Amino acid sequence: MTAQQIPLRRRLPLPRLSASRLRTEVLAGLVVALALIPEAISFSIIAGVDPRVGLFASFIMAVSIAFLGGRPAMVSAATGAMALVVAPLALEHGVDYLLAATILAGLFQVVLGLVGVAKLMRFVPPSVMTGFVNALAILIFLAQVPHFAGEGWPVYALIAGGLAIIFLLPRLTTAVPAPLVAIIVLTIVTVASGASVPTVGDMGELPESMPVPFLPAVPLTWETLTVIAPYAATLALVGLMESLMTAKLVDDITDTRSPKGREARGQGWANVITGFFGGMAGCAMIGQTMINVRSGARTRLSTFLAGVFLLLLVVVLGDVVAVIPMAALVAVMVFVSIATMDWHSIAPATLRRMPWTETAVMVTTVVVVVATHNLAIGVIVGVLTSTALFARGVADLSGVTSVLDPEGGVRVYSVRGDLFFASSNELVGRFNYAEQGVDRVVIDLSRAHMWDSSAVAALDHAVDKFAKHGITAEIAGLNIPSEELHKDLSGTLNSAH
C-alpha cells in the first residue's frame, strides 16, 4: 500500500485482551465504580432528585456508551454540569419532566452528531485545551473540599495515608491499581479502629433494586415540549462539549485517535436509554476517565465493567460500600486532580517563552470555568477570546511598500498580509491617490490573501478613488482563491468606505 493509499482516519490498534490486559481492565473498572458512587449521589442532590436517579444514570450511561461510544476507556455518567442545568426543571416540574428532557437531549445529540458538530473540535486552540485541563483539575479538587473541611484530624490523616499509598505503591508494584489498594486499606483501618468519620452511606440512601424501563409520566403536548426543549438543548450542547473535549484529552494521553462523530451520536443514544430507565442526563466524566486511563485501561471493557460494578456495589453490596470512608475516595480524587493538572503549562520558564496571547486565553478559560463551574461555558469563552486576539493580530497589515518606475508614470504598491473585514479600512488608507506625475498604479497582491467580500469592496473602492484622480489602477498577483473571490464579487458590492 502506497503512502497515498493509507487512510488518514486509521486508528492505532487497541491492546489485545490478554490475561494481564483483562486484569488491568477489570481492576480499573472497579476503581472507577467506587469513585462514581459519591459523585452520582452528590449530583443527584444538586439536581434535587432521589440519589437513585444519579446512580441509575451512571450505570446506564457507562454500560451504554461502552457499546455506542467512539472513545475506548472513556467513562460517561451523571455529571455536575448536567445536574446544574436540570435543577430548575426538576424543582419546578418534577422528576418526570427531567427524564423527558434527558430523552429529548439525547435525540438532539444524535442529530448534532449526524450533522457533523464534532468537526468543530478542530477550532478549539491548544491554549483553550490547556485551560480546560487545568480548570478541570482545580474543579476536581474544589469538589472534594466539602468532604474534609472541618472534619478533624482523623479525616486528614486518612486522606494523607491514602495519598501516600497512591503515590508510593507504584514504586513497588503496578499489579493492582494503587487507588483501589488505598480504598481497601483505609476502609479496613476505619472499620477496625471504629473511627467516626463520614462514609459513603452518609451521602444518601442506596437503591435496593435493579432499574427497569418506563415512560416518563408527562403529557405528550406542545406545552410539554416548550417546557423541556430549552433544557434539552442546553443539556445536549453542554454534554457534547464536555464529552468531545474529554475524548480529545484521552486521545492525546493514549496516542490514539477516536471517531468524534460516533462519540457524539453514542452520547445521544446513551442519554435516550438513560431517560427511559429513570436516570438523569449524563456525559463524559473527566475525573473518572482519568482514573480509568491512569490505571492502565485502554478498552471499552473497563467502561462497561465500571457500570456493572457500580450497580452490583450499590444493590448487592450496598452495606459494604456504605462503610467506605469518604476520605478514601477524596484521596483518590485529589490524586486525579494533581495528575490532571498540566504543571508544565504554568511553570515560570514556560510562561516566559509562551506568547502573551496564548497565556491570556488559557487564564481566561481557567477563570471562567472555575467561576461558573461549567466547563462548556469556559471553553466557549476561551475560543471566543482566542478568536478575538487572533483577529486583532492579523487585522494589522504586515505592510504596504511601494516603488516608482525609474522612467516615471507607474507606481507599484506591494501588499503583504491577510485582507478581511478587520484590515480592509487600513488598506484603503495606505495609498496615495493624488500623486503627481503618476498616471498608472499596480497593486501587487502576490504576498497577500483575500478572505472575504470586504477585502474585494476595499480594493474596488481604492480603484475608484484612483480613477477619480485620473490614475488607472491595476490589481495583480492574486493567488487562485483570491482571484476567484475577486472575479465573483468585484463590481457587485456597494462600497462602505
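The values are calculated or read from the model by the stated rules, or taken from the named source; none is laboratory data. All values derive from a computational prediction rather than experimental measurement. Note that we place each Cβ from the backbone using ideal geometry, even for glycine, and neighbour counts take in every protein chain shown. These area figures cover heavy atoms from the full protein model, side chains too; ligands, DNA and RNA do not enter into them. Shrake-Rupley method; radii C 1.70, N 1.55, O 1.52, S 1.80 Å.
What helices (runs of 4 or more DSSP H) lie completely within the range 64-183 and have 2 or more residues being within 28 Å of Pro198 (Cα to Cα)? Hits in the range 64-183: 80-93, 126-148, 153-168.
Residue-wise test of (1) in contact with a strand residue (DSSP E or B) (Cβ under 6 Å, 6 or more places away or on another chain); (2) open to solvent by 70 Å² or more (accessible area, probe 1.4 Å); (3) of a type in the set (Phe, Trp, Tyr); (4) more than 28 Å from Val323 (Cβ to Cβ).
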{"residue": "Leu114", "(1), (2), (3), (4)": "no, yes, no, yes"}
{"residue": "Met121", "(1), (2), (3), (4)": "no, no, no, yes"}
{"residue": "Pro126", "(1), (2), (3), (4)": "no, yes, no, yes"}
{"residue": "Ala137", "(1), (2), (3), (4)": "no, no, no, yes"}
{"residue": "Ile140", "(1), (2), (3), (4)": "no, no, no, no"}
{"residue": "Gly162", "(1), (2), (3), (4)": "no, no, no, no"}
{"residue": "Ile165", "(1), (2), (3), (4)": "no, no, no, no"}
{"residue": "Leu172", "(1), (2), (3), (4)": "no, yes, no, no"}
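Could you list, in sequence order, the residues of the range 25-50 that are part of a helix (DSSP H, G or I) and open to solvent by 20 Å² or more (accessible area, probe 1.4 Å)? If you could, list the steps in order and put the result at the bottom.
To start, the set of residues in the range 25-50 that are part of a helix (DSSP H, G or I) comprises 25-47.
Of everything in the range 25-50, those that are part of a helix (DSSP H, G or I) and open to solvent by 20 Å² or more (accessible area, probe 1.4 Å) turn out to be Val26, Leu27, Leu30, Glu39, Ser42, Phe43, Ile45, Ile46.
All of (1) within 24 Å of Phe390 (Cα to Cα); (2) not in a loop (DSSP other than H, G, I, E, B) hold for Leu478 with one exception: (2).
Among the residues of the range 393-412, are any buried (at least 19 other Cβ atoms within 10 Å of the Cβ) and not small (Gly, Ala, Ser)? Scanning the range 393-412, I find at least one residue that is buried (at least 19 other Cβ atoms within 10 Å of the Cβ) and not small (Gly, Ala, Ser), so the answer is yes. From the list Leu244, Leu240, the one residue that fits, being in contact with a Leu (Cβ under 8 Å, 6 or more places away or on another chain), part of a helix (DSSP H, G or I) and modelled with pLDDT under 95, is Leu240. Note on the range 429-466: residues that are crowded, with 21+ Cβ neighbours inside 10 Å, among the aliphatic types (A, V, I, L, M) and part of a helix (DSSP H, G or I) total 6. For the range 467-497, residues that are open to solvent by less than 70 Å² (accessible area, probe 1.4 Å), touching a Lys or Arg at 6+ places or on another chain (Cβ under 9 Å) and either under 17 Å from Asp439 (Cα atoms) or at pLDDT below 90 (or both) total 2.
To keep it simple, each residue is scored yes or no on (1) more than 23 Å from Gly161 (Cβ to Cβ); (2) surrounded by 24 or more Cβ atoms within 10 Å (Cβ to Cβ).
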site	(1), (2)
Gln288	no, yes
Leu310	yes, yes
Val314	yes, yes
Asp319	yes, no
Ile324	no, no
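Counting only helices (runs of 4 or more DSSP H) that sit completely within the range 274-359, those holding 2 or more residues that are closer than 24 Å to Met61 by Cα, touching a residue at least 60 places away in the same chain (Cβ under 8 Å) and over 20 Å from the mean Cα position of the chain (by Cα) correspond to 300-315, 318-322, 326-340.
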